[in-house]
Amino acid sequence: MKLVTFEDRQHDHQRIGALMDKGILDFRCALERAVDLGLVDQGSQLPGSLLEVIQDSGSALATCRRLHDLASAGRLNGCLASEGAALVAPIPKPHKNVFCVGRNYAEHIAEGDRAQNQNVGVTEYPVFFTKPPTSIVPPDGDTLIFPSVSESIDYEVELAVVIGKPGRNIPKAEAMDHVFGYTIVNDISARDIQRRHGGQYFKGKGMDGSCPVGPCIVTDDEIEDPHNLSIGLSVNGETRQDGTTSQMIFDIPTLIASLSEGMTLEPGDIIATGTPSGVGYAMEPPRFLKDGDLIICSISGIGELRNTVRAI
């Protein structure tokens, strides 16, 4: 399933649903219809947020699957969201910072070392940093830039893992059992600020509007091999990044095992797994984002995440 959070403007609040061929299946409407038709048990309920579905022990997800299957079979007509519905980030307000991985694609490391005239190369352990919840941007929302703060704003398309099962000191062999699903993250980065704070990434990658997420969370059963997905990004229709997740240096089980050492991962935690080559600062000359640019991130099996740059 492709699970989403959307704003239903008719009812003036957010709802949860699933992307279907003809629109967004509204789970609340679908549940009411299914109960009326006797297709699910009387008294069946769903949480109000996708985060709560992920945090649930599994019964909420099972109900979502049942409703999705019924709708796919044409048994729940009239439960698509209205045309005015708009997607928001699948988890609009994460309960933690988004975990991110730096320097996880060899060609990206090489282009960065060339651009900065250095030779750091591949690190022995994964490089982690975070982006705060205030950086989250919805699909089709504005990616914010602040010209008075930085004019070196860059992009990074990334496959993101959503944790579904809590754990600490998770063995690598068991790591994939903790995955709920996958989404797309664009790690918007102020390169000058990223480097001026003693090599610490957080400030330069944590500004408001610097973390577009979406358009959906694809459940893990839909992605046969997360290490064999095409991944790319374009700016105003020009392809900038074009790679595959098979190019990761540290794979997803390694990242989960490493990050969870002495640190509890919880349902709803998001881990962005790094970006392939093609970033703007490594071009000659560098090409940074500007007001009005349209960025499209794409990952096979998940979809497209579109955002427009807005200077404030």
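The values are calculated or read from the model by the stated rules, or taken from the named source; none is laboratory data. Bear in mind that the values here come from a model prediction, so they are computed numbers and not experimental data. Because the Cβ atoms are built from the backbone with ideal geometry, glycine has one as well, and the counts that use them run over all protein chains shown. Side chains included, ligands, DNA and RNA excluded: accessible areas come from the protein's heavy atoms. Shrake-Rupley method; radii C 1.70, N 1.55, O 1.52, S 1.80 Å.
List of remarks:
- Rounded to the nearest 10 degrees, the inclination of helix 27-36 to the longest alpha-carbon principal axis of the chain is 20 degrees.
- Translational D in µm²/s for the chain (Stokes-Einstein at 4 °C, 1.567 mPa s, Kirkwood Rh from C-alpha pairs): 65
- The chain: relative contact order as a whole-number percent, Cα under 8 Å and 6+ apart: 23
- Within the chain: Cβ-based charge dipole about Cα centre, in debye rounded to nearest 20 (Lys, Arg +1; Asp, Glu -1): 540
- The GluC sites (Glu not before Pro) of region 1-102 that DSSP puts in a loop, and whose beta carbon has at most 16 other beta carbons within 10 Å, are Glu83.
- Taking the longest Cα principal axis of the chain as reference, the axis of helix 59-72 is set at about 80 degrees.
- Two-decimal Rg to Rh for region 55-129 - Kirkwood Rh, Cα set: 1.25
- Semi-axes of the equivalent ellipsoid of region 1-134 are 41, 16, 14 Å, computed as sqrt(5λ) over the eigenvalues of the C-alpha gyration tensor in descending order.
- Figure note: Glu107, Glu304 ranked by solvent-accessible area, largest first, 1.4 Å probe, ligands and nucleic acids not counted: Glu107, Glu304.
- Counting only cysteine Cβ atoms and a cutoff under 4.7 Å, the chain contains unmatched residues Cys64, Cys100, Cys211, Cys216, Cys297.
- Value of [θ]222 nm, deg cm²/dmol, for the chain, DSSP H segments ≥ 4, -39500 (n - 2.57) each, nearest 500: -5000 deg cm²/dmol
- Working from the Cα coordinates of region 79-205, the gyration tensor eigenvalues give, after taking √(5λ), semi-axes of 28, 23, 13 Å in decreasing order.
- When both bridge partners sit in the chain, DSSP labels roughly 90% of those beta bridges antiparallel.
- Ratio Rg/Rh, restricted to region 14-59 and using Cα atoms, in which Rh is the Kirkwood radius: 0.98
- Over 23 Å (Cα to Cα) - which of Lys2/Lys22; Lys96/Lys203; Lys165/Lys203; Lys96/Lys205; Lys2/Lys290 fall in this group: Lys165/Lys203; Lys2/Lys290
- Accessible area in square angstrom per residue, the chain, 1.4 angstrom probe: 44
- Relative to the dominant Cα principal axis of the chain, helix 106-116 is inclined by about 40°.
- Looking at region 216-282, the GluC sites (Glu not before Pro) that sit in a DSSP loop and have at most 13 other Cβ atoms within 10 Å of their own Cβ are Glu224, Glu261.
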